[in-house]
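Values quoted throughout were computed directly from the atomic coordinates according to the rules given, and no laboratory measurement underlies them. Everything quoted here is computed from the prediction, not taken from an experiment. When we count neighbours, we look across all protein chains shown, and the Cβ atoms used for this are built from the backbone with ideal geometry, even at glycine.
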Amino acid sequence: MSTTIQELKPQEVWGYFHELTKIPRPSNHEERIRDYAENFGKSLGLETIRDKSGNIIIRKPATPGMENLKGVILQGHLDMVPQKNSDKEHDFEKDPIETIVDGEWVRANGTTLGADNGIGVAAAMAILASGEAEHGPLEALFTATEETGMDGANGLEAGILQGDILINLDSEDEGELYVGCAGGEDVNVKFQCKEKKTPKGYGGVKLSVTGLKGGHSGIDISLGRGNANKIFFRILTEAACQLGVRLSSIEGGSLRNAIPREAFGLLAVKNKRIPEFIALVDDLVGKMKNELAATEPGLTVTIEPVDTPRRVINRKVQDKLTKSVMACPNGVARMSDTMPGLVETSSNLAIVKSDPKKKTVNIACLMRSSVDSAKEVLGTRMWSLFNLAGAKVKFSGAYPGWKPNLDSPILKTMQEVYRKKYKKVPKIKAIHAGLECGILGGKYPDWDMISFGPTIRHPHSPDEKVNIATVQKFYDFLLETLKNIPAKEA
């Protein structure tokens with residue numbers, strides 16, 4: 001049994017993935033991984049381009065005799081989501097990812113693994129380096145900063161790529177071909193928080209919500225997992241109403257595209273009512289553990305006595321903040337009418353964080369929808385809610401969805417290849433997550449596009465893991481697909 005990922009098969013894919021894990025590559029800190037990808041292409045003697053947005057493009061000539069096939073672009077993103085458990089010491093800007101072979105899976109040690117999208121990038125690299133892979137004209141597009149805004153895809157110059165077919169390698173269920181994805185948009189909310197001196201007779205308490213699973217705010221949003229921000233403010237709302245508890249500061253969640261796993265807040269509680277506060281929290285936590293027993297067995301809420309905070313948020317602002325967070329849409333808003341099991345529209349209350357210097361509390365939500373008008377009306381709901389509470393609301397980072405084309409030629413080709421190779425038909429699906437296909441298709445409207453990948457579970461969380469056997473299957477399927485790309489039309 002293999003104990004390191006370099007021993008796993010296909011060794012060429014796992015070998016390149018191992019190299020990627022050694023290079024810190026959180027979003028917005030990607031210079032080293034871009035250098036690595038650029039030097040990789042040049043070391044093979046292949047035409048290699050780094051564009052102004054940090055994307056890396058590598059071109060490989062066709063296998064002799066296959067020059068007449070349609071050109072294919074293999075596409076993945078270089079960055080990864082940096083998430084870790086609160087008790088894990090790890091600097092994503094400096095430290096490599098520690099990988100663990102755990103039975104049928106590969107995972108990291110208390111951090112995200114980066115299989116999203118490192119496995120896809122590694123597969124493309126293996127084909128670029130291979131002297132045996134058979135294919136027509138080939139390009140690899142490794143995009144920048146996908147996870148925090150799809151910056152590379154947005155900044156890609158129209159016309160720089162020469163291929164006809166885009167194969168995105170960023171999906172996460174083997175045996176499924178993706179032909180559509182959701183669009184998204186960020187909602188940024190700012191509460192200006194007047195502060196006042198903490199009243200006499202109050203003691204300090206740190207309230208911590210931990211132990212939640214988190215996960216991808218699109219793919220995992222339908223699983224009914226707990227949201228640390230919602231749980232924290234549920235407790236605060238009851239404690240403020242019944243006991244006059246005051247909020248001094250809050251730090252919940254860290255990434256807009258991850259379901260928040262943890263939230264920490266500094267509260268002021270009347271000294272004589274601290275026992276009542278503890279009893280109230282115990283009661284609420286018992287109820288929530290019962291509600292979330294199947295999805296969040298690890299839910300933990302702790303109360304820790306600390307120094308009394310010097311200042312607390314103005315009572316009226318706190319009241320508006322807590323009510324707004326409690327009322328904020330979170331989770332699935334609507335399921336698709338046309339694709340069974342697909343989430344159409346959702347939102348993730350991702351971040352609630354104090355800024356003591358600016359005396360603000362900032363909230364970040366990410367909306368997703370495969371129907372643009374549904375996303376717009378959800379945004380209007382959020383704007384209305386927070387506007388009524390006196391907060392400033394801004395929208396940013398909007399990106400389009402990718403409308404399914406069930407008559408796609410590459411879809412037909414890959415269905416037939418899969419059927420012949422594995423004696424069964426792959427599932428055709430759309431994904432409730434942002435793939436770069438929507439943006440790239442807008443720049444190259446004539447492209448034929450599809451997305452697939454190995455089985456990855458719990459991306460964007462420290463529980464992320466990739467199934468070993470499906471990596472082999474994914475790579476074999478990709479190689480066979482490239483051999484069966486149709487010829488260019490005369």
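Overview of values
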read-out: Cut-off 19 Å (backbone N to label point 7 Å along Cα→Cβ of L388), residues of region 304-332; value: 316-331
read-out: Span-rule helices in the chain, defined as complete DSSP H runs reaching 27 Å or more along the axis (Cα) with Kyte mean at least -1.0; value: none
read-out: In nm, spacing of pseudo-spin labels at N39 and D282 (7 Å Cα→C-beta vector); value: 5.9 nm
read-out: Inter-label distance for T148 and S222, nm, one decimal - labels placed 7 Å from Cα along Cα-to-Cβ; value: 3.0 nm
read-out: DSSP beta bridge pairing in the chain, given as percent antiparallel to the nearest 5; value: 80 percent
read-out: Per-residue Cβ neighbour rank within 10 angstrom, fewest leading, K197, K42; value: K197, K42
read-out: Convex hull of region 1-97 built on C-alpha atoms - directionally averaged projected area, nm²; value: 8.9 nm²
read-out: Cα-only Debye scattering, region 304-391: base-10 log of I(q)/I(0) at q = 0.19 Å⁻¹; value: -0.91
read-out: At 0.890 mPa s and 25 °C, Stokes diffusion of region 84-129 via Kirkwood alpha-carbon radius, µm² per second; value: 204 µm²/s
read-out: Length gained when the stretch H29-A158 is fully extended (0.36 nm per residue, less Cα-Cα span); value: 43.9 nm
read-out: Square roots of five times the Cα gyration tensor eigenvalues for the chain, Å; value: 45, 23, 20
read-out: Dmax and Rg, reported as Rg then Dmax, of region 369-490 (C-alpha, Å); value: 19.4, 62
read-out: Likely footprinting exposure, S222, S451, fewest C-beta neighbours within 10 Å first; value: S222, S451
read-out: Fewest-first ranking of F474, F395, using other Cβ atoms within 10 Å as the exposure measure; value: F395, F474
read-out: Hull-based mean projected area of region 185-399, where the convex hull spans the alpha carbons, in square nanometres; value: 11.6 nm²
read-out: q = 0.31 Å⁻¹: log10 I(q)/I(0) that the Debye formula gives for region 23-77, counting C-alpha atoms only; value: -1.30
read-out: Amide H partners (placed H, <5 Å) of T360, local residues excluded; value: C193, D355
read-out: Where labels lie 7 Å past Cα in the beta-carbon direction, separation of K94 and N271 in nm; value: 4.2 nm
read-out: Cα-Cα separations in region 154-297 greater than 27 Å, expressed as whole percent; value: 43 percent
